[in-house]
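*Asks:* Dumping the structure here so I can ask a few things about it.
The values are calculated or read from the model by the stated rules, or taken from the named source; none is laboratory data. Just so it is clear, the model here is predicted, and its values are computed rather than measured. For neighbour counting, all protein chains shown are included, and Cβ atoms are generated from backbone atoms with ideal geometry for every residue, glycine included.
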Amino acid sequence: MSDYLDAVAAPLKGPRRLREDMLAEIGDGFEDAVAERIGAGQSPREAARDAAAEFGEPRLVAAEVQRELVAAQAKRTAWTLVTALPAMTIMWDLFSGDGEVSLAITLLARLTDTATAAAFVTGALVLTGHLHRRAAGLCGVLGITQVTVALACSAVISAIGEGGGPVAPWAALLGASAVGSVVVVASSARALAVARTRIA
């Protein structure tokens with residue numbers, strides 16, 4: 001049983017707990033099948049061989065499991081996008097003030113909003129079941145793209161904007177944004193890694 005389960009588990013990538021639960025379920029089923037055959041008079045080796053034949057080739061079983069893992073990771077990353085990105089946007093809007101800004105800063109802010117909206121809508125489509133094909137990959141790409149665009153635009157805005165204002169609120173905002181960005185990038189990177197997994 002161990003060899004069969006190891007062969008199924010080897011190529012899998014995805015959420016650890018779900019992966020372990022699915023492998024445990026397969027292992028329990030395989031063990032029951034072997035025990036049933038031994039009870040019917042087969043030797044342990046014959047029982048394990050026949051149970052493996054019944055369950056199917058490990059790579060085919062792994063491919064089925066991997067599809068479930070990809071879907072689960074897509075939903076996890078989608079949840080990250082639809083919660084973290086709006087929260088960071090709201091924080092920046094609250095601290096940005098209502099003063100006049102230049103056209104360049106306005107355009108950069110709108111570019112960030114567009115990247116955020118694209119990632120948010122994709123995440124929402126995944127969570128509502130309207131987007132299945134390449135969902136994990138799309139969430140990963142758009143999540144990383146949003147953070148990259150937001151950081152680049154923020155850097156340019158900081159360079160061309162006027163300084164001033166209390167330091168403490170901005171420091172807190174930057175710290176919270178950094179944490180949110182790390183969370184989004186980490187989840188997006190996992191989604192991309194899982195989406196790229198191919199089981200031959």
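*Asks:* Within the bounds of region 157-164, is there any residue that is modelled with pLDDT under 95, assigned to a helix (DSSP H, G or I), in the same structural domain as Asp93 (by TED's automatic domain parsing) and under 18 Å from Asp93 (Cβ atoms)?
*Replies:* yes
*Asks:* Tally time: how many residues in region 37-56 are acidic (Asp, Glu) and exposed (fewer than 13 other Cβ atoms within 10 Å of the Cβ)?
*Replies:* Number of matching residues: 1.
*Asks:* Take Leu138 and decide whether it is buried (at least 18 other Cβ atoms within 10 Å of the Cβ), under 19 Å from the mean Cα position of the chain (by Cα) and in a helix (DSSP H, G or I).
*Replies:* For Leu138, the condition - buried (at least 18 other Cβ atoms within 10 Å of the Cβ), under 19 Å from the mean Cα position of the chain (by Cα) and in a helix (DSSP H, G or I) - is met.
Residues checked against (1) without any contact (Cβ under 8 Å) to a residue 40 or more places away in the chain; (2) within 30 Å of Ala124 (Cβ to Cβ); (3) in contact with a helix residue (DSSP H, G or I) (Cβ under 9 Å, 6 or more places away or on another chain); (4) hydroxyl-bearing (Ser, Thr, Tyr):
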site	(1), (2), (3), (4)
Leu23	no, no, yes, no
Gly27	yes, no, yes, no
Glu36	yes, no, yes, no
Ala40	yes, no, yes, no
Glu54	yes, no, yes, no
Leu60	yes, no, no, no
Leu69	no, yes, yes, no
Ala72	no, yes, yes, no
Lys75	no, yes, yes, no
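*Asks:* Checking the condition surrounded by fewer than 15 Cβ atoms within 10 Å (Cβ to Cβ), under 30 Å from Ile160 (Cβ atoms) and not aliphatic (A, V, I, L, M), which residue from Thr128, Thr112, Thr106, Thr89 passes?
*Replies:* Criteria check complete, one pass: Thr106.
*Asks:* For the structure I just gave you, tell me whether Arg16 is surrounded by fewer than 13 Cβ atoms within 10 Å (Cβ to Cβ), within 23 Å of the chain's Cα centre (by Cα) and within 17 Å of Leu5 (Cα to Cα).
*Replies:* Criteria met by Arg16.
*Asks:* Just to be sure before I move on: is Leu94 of a type outside the set (Ser, Thr, Tyr) and without any contact (Cβ under 8 Å) to a residue 12 or more places away in the chain in the structure I sent? If you could, list the steps in order and put the result at the bottom.
*Replies:* On the way: of a type outside the set (Ser, Thr, Tyr): yes; without any contact (Cβ under 8 Å) to a residue 12 or more places away in the chain: yes.
Yes: the conditions hold for Leu94.
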